[in-house]
Amino acid sequence: MSGFIPPAKPIIGDDERAAVDAVLRSGMVAQGQEVAAFEQEFSSHFVPERTSIAVNSGTSGLHLGLLAAGVGPGDEVIVPSFTFAATGNSVALTGATPVFVDIEPETFGLDPAAVAAAITPQTKGIMPVHLYGHPARMRELTNIATEHGVDVYEDAAQAHGASLHGQSVGSFGQFAMFSLYPTKNMTSGEGGMVTVATDALARTLKLLRNQGMERQYDNEIIGFNARMTDIHAAVGRVQLTKVGSWTAMRQDNAAFFDANLEHVVTPTVVEGAVHVYHQYTIRVADDRDGFVAALKNEYNVGAGVYYPIPNHRLPSLAQYAPQLELPETEKAAREVVSLPVHPSLSTQDLERVVSAVNSVAKAGA
Ligand SMILES: *Cc1c(COP(=O)(O)O)cnc(C)c1O
């Protein structure tokens with residue numbers, strides 16, 4: 001058996017090391033010029049029409065974005081349950097109620113009909129997640145939001161560079177958050193970037209990020225320390241110059257899987273969508289956990305399950321929806337398997353993944 005193929009592999013090279021070293025040598029390591037440059041470059045690269053604000057994690061980005069948008073106690077925000085816990089957590093941290101809604105099976109994103117049915121007079125906003133790097137149904141979701149006079153907030157943690165009908169994710173809502181955690185499509189070490197629709201939101205987010213002050217010791221509102229360091233920004237700036245080619249490699253790897261996998265359900269890309277394959281996620285209807293174990297134990301191929309437990313079933317978040325049943329969410333949580341699709345895979349690795357998946361799927365069929 002050949003070497004282990006990991007499900008994710010951050011790429012950090014000499015350029016990133018040199019950039020960090022330059023910041024360390026400068027002696028100016030907290031939020032400064034590197035962060036400002038990273039924000040400008042991030043906007044230019046992904047969402048030119050929006051201002052970007054860097055924070056110390058994606059989760060901080062969601063939390064502060066919601067606070068800046070005025071979400072608080074008494075409000076409801078509609079979120080998927082089939083996502084990373086940070087989505088619902090960030091809503092709960094504002095004092096608002098996360099309202100968990102089912103997904104549609106093709107995109108794994110919020111089901112627009114279910115969202116429309118969940119709107120109440122307390123609904124303040126809808127927060128779709130562009131899960132695995134595929135855009136959610138933004139046309140339908142933004143129409144519903146407009147019709148009911150509620151906001152849209154995007155969890156774009158996994159979707160740097162994804163788009164729908166030519167419009168970039170991160171430009172649909174009041175704000176959007178992109179995570180810069182190491183296993184995401186690009187990283188700053190830890191970090192998050194928030195793209196915002198208005199100057200007022202940009203200003204409030206900057207205040208919330210820095211103890212509520214624009215001028216030193218002139219604290220206007222109660223805020224956090226959610227600043228990004230120049231060390232992290234330096235890493236992010238280098239990664240920004242590479243993420244386009246990495247995304248193209250993810251897409252090529254996905255095309256290879258689409259053409260060669262057998263006996264499993266491969267990912268759908270809806271018309272007009274650009275998928276950036278943060279994950280390449282297949283469905284295995286029977287004994288998914290046995291399937292993942294066989295890939296690892298028999299073929300040394302690491303696969304991931306994102307996410308095995310719907311958020312409304314987590315001990316932390318179940319309090320918001322003790323009786324809720326979300327059939328497509330539960331089904332996806334039982335069936336999904338994410339295969340390695342990252343840009344470090346060699347042709348031989350890709351062939352090994354295909355033959356492993358096809359053999360295990362055939363044996364189980
Ligand atoms: C990674 C992730 C987050 C949180 O980002 P962090 O940078 O890890 O705080 C939020 N939502 C989704 C869907 C994610 O994948």
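Data overview
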item: Qualifying residue in region 213-227 (condition: of a type in the set (S, T, N, Q), away from the ligand (no atom under 14 Å from the Cβ) and either touching a strand residue (DSSP E or B) at 6+ places or on another chain (Cβ under 8 Å) or not in a loop (DSSP other than H, G, I, E, B) (or both)); result: yes
item: Meets criteria (open to solvent by 10 Å² or more (accessible area, probe 1.4 Å) and within 16 Å of the ligand (Cβ to nearest atom)) for Q158; result: yes
item: Members of region 188-214 that are charged (D, E, K, R) and within 23 Å of the chain's Cα centre (by Cα); result: E190, K206, R209
item: Enumeration of residues in region 21-66 that are touching a residue at least 40 places away in the same chain (Cβ under 8 Å), among the aliphatic types (A, V, I, L, M), part of a helix (DSSP H, G or I) and surrounded by fewer than 20 Cβ atoms within 10 Å (Cβ to Cβ); result: A22, L24, A37
item: Residue among G133, G149, G170 that alone is away from the ligand (no atom under 16 Å from the Cβ), among the small types (G, A, S) and not assigned by TED's automatic domain parsing to the domain that holds R283; result: G149
item: Count - residues of region 198-215 that are modelled with pLDDT of 95 or more, out of contact with any Phe, Trp or Tyr (no Cβ under 8 Å at 6 or more places or on another chain) and of a type in the set (K, R); result: 2
item: Any hit, region 80-95, residues being touching an Asp or Glu at 6+ places or on another chain (Cβ under 7 Å), modelled with pLDDT of 95 or more, within 13 Å of the ligand (Cβ to nearest atom) and not in a loop (DSSP other than H, G, I, E, B); result: yes
item: Test for P267: is it under 23 Å from K9 (Cα atoms) and within 16 Å of the ligand (Cβ to nearest atom); result: no
item: Test: Q158 is within 25 Å of I78 (Cα to Cα) and in a loop (DSSP other than H, G, I, E, B); result: yes
item: Matching residues in region 301-348 - criterion: being assigned to a helix (DSSP H, G or I), open to solvent by 50 Å² or more (accessible area, probe 1.4 Å) and of a type outside the set (K, R); result: Q319, Y320, P327, E328, T347, Q348
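The values are calculated or read from the model by the stated rules, or taken from the named source; none is laboratory data. Here the structure is a predicted model, which means the values were calculated and not measured. As a convention, Cβ positions derive from the backbone with ideal geometry for all residues, glycine included, and neighbour counts pool all protein chains shown. Protein only, heavy atoms only, side chains kept; ligands, DNA and RNA dropped before computing areas. Shrake-Rupley method; radii C 1.70, N 1.55, O 1.52, S 1.80 Å.
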